[in-house]
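J.: Mind having a look at this structure? Questions to follow.
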Amino acid sequence: MQKITDEKNLFLEGKYVFLESVSPKHFPHIVGWRNSERVSRYVIQPFRLTEELEAKWYEKYRREKGHCMLVLTAKKQNVPFGTLGYIRYNAAQKICIGTHHLVGEEAYRGSKEYAEAALLFHDHLFQTLGVEKCYVHVIVENTKTVNLLKKIGFQDSSPARFPECLQMGGKTLLEYVLTAQSYAEHRHLLLQLVDGMEDS
């Protein structure tokens, strides 16, 4: 039986990391991350973000169904370091778009905390929400993210399921899809990334 979850008050916990629904306490971190030059080139944001703009977005977000944004926090250091989430979750069609993919703190890129966060997030999509297809849209130049997506089972989605998402903010994006079956076949790779860095 599919579990019922509150997407605006979600909490997922692992050994090294926990994921919690975004709230105003996270605004300073998110604004700092998204305005940094390293991150801004890979996100759709043709303006400088402020906490006031983030608060306005949050008011709309709280009313929007099928939309969840999670903040990733390293348990040992109690440091928020990034975000993951989804939009357009449709329980009947068993699909969603993965979004809000951002590692804001450089020290956590390629870390066991990030690998475990990705594991917890995708387990939630496929095992709890019953998603069968998760689509993502990645800016063409973001080759590191594309390589990671392919490693855990994402494949090119052609023709695009969401063609309106391929040109946004003056940037060109590619669409990839992860099926429940492909995730089940590749899930062990995320586990290996976590286990292989346990003592790092």
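J.: Looking at 101, 122, which is the one that is within 15 Å of residue 180 (Cα to Cα) and touching a residue at least 40 places away in the same chain (Cβ under 8 Å)?
T.: After applying the criteria, what remains is 122.
J.: Would you check if residue 178 is outside any loop (DSSP other than H, G, I, E, B), within 22 Å of residue 26 (Cβ to Cβ), among the hydrophobic types (A, V, I, L, M, F, W, C) and in contact (Cβ under 8 Å) with a residue 40 or more places away in the chain?
T.: When the stated conditions are applied, residue 178 does not pass them.
J.: Between 153, 110, which is over 24 Å from residue 31 (Cα atoms) and assigned to a loop (DSSP other than H, G, I, E, B)?
T.: The conditions single out 153.
J.: In region 149-172, how many are touching a residue at least 60 places away in the same chain (Cβ under 8 Å) and open to solvent by less than 40 Å² (accessible area, probe 1.4 Å)?
T.: Of the residues in region 149-172, 2 are touching a residue at least 60 places away in the same chain (Cβ under 8 Å) and open to solvent by less than 40 Å² (accessible area, probe 1.4 Å).
J.: Return yes when residue 191 is of a type outside the set (D, E, K, R) and crowded, with 16+ Cβ neighbours inside 10 Å and no when it is not.
T.: So residue 191 does not fit the description; no.
The values are calculated or read from the model by the stated rules, or taken from the named source; none is laboratory data. What you see is a predicted model, and the numbers here were worked out from it, not measured in a lab. Virtual Cβ from ideal backbone geometry, glycine too; neighbours counted across all protein chains shown. Note: areas computed on protein heavy atoms with side chains; ligands, DNA, RNA excluded. Shrake-Rupley method; radii C 1.70, N 1.55, O 1.52, S 1.80 Å.
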